[in-house]
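See structure below.
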Amino acid sequence: MSEEKALEKVGKEILNGHLQTHTFEVEYRGEKLRFTAKKDTVGDSLDILVSVRKELLKRGLKPGEMQDVEDLIYEIVYLDKVLVERPEFLANLWECPDWDLLHRIFMEVLNWANSFRQAREVR
């Protein structure tokens, strides 16, 4: 393999590795909490949507009935799917003591994920 091809291969591996995970910190109650999220796949997205529907039905709700609750359920299910590293006290996100903390984590991950998605052309 030529030096140029080898360098190109290493560059792609580094770039792909960078795009696959995102490590960040969130300050909470004077502590810096460390998280790592993975890039979601199409399969992950489908699993997330199905899980949200199941969680709504489990609580006796229909989709769109209580949008705030549905949004929170989506955030929890999404984070549970994509977070590959999180503090021990957040092992079970359903037991998180602070909705705002979950939302801050969700927005960090969502902003990262959206940063490399291509906009669709409007026709």
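Only the coordinates and a few stated rules stand behind these numbers; no lab work does. If you're wondering where the values come from, they're calculated on a predicted model, not measured in any experiment. Virtual Cβ from ideal backbone geometry, glycine too; neighbours counted across all protein chains shown.
Quick notes on this structure:
- Gyration tensor verdict on the range 27-73 (Cα atoms; rounded if a/c is under 1.5, prolate if a/b is larger than b/c, oblate otherwise): oblate
- Kirkwood hydrodynamic radius (C-alpha pairs) into Stokes-Einstein, the range 17-123, 10 °C and 1.306 mPa s, D in µm²/s: 106
- Spin-label model, LYS32/LEU72: points 7 Å from Cα along the beta carbon direction are separated by 3.0 nm.
- Extension gain (nm, one decimal) between THR21 and LYS54, 0.36 nm per residue minus Cα-Cα: 9.1 nm
- A DSSP coil position with no more than 14 other Cβ atoms inside 10 Å describes the following GluC sites (Glu not before Pro) in the range 46-123: GLU65, GLU121.
- In this simple spin-label approximation, GLU85 and LYS5 carry label points 7 Å from Cα along the Cα→Cβ vector, and these lie 3.4 nm apart.
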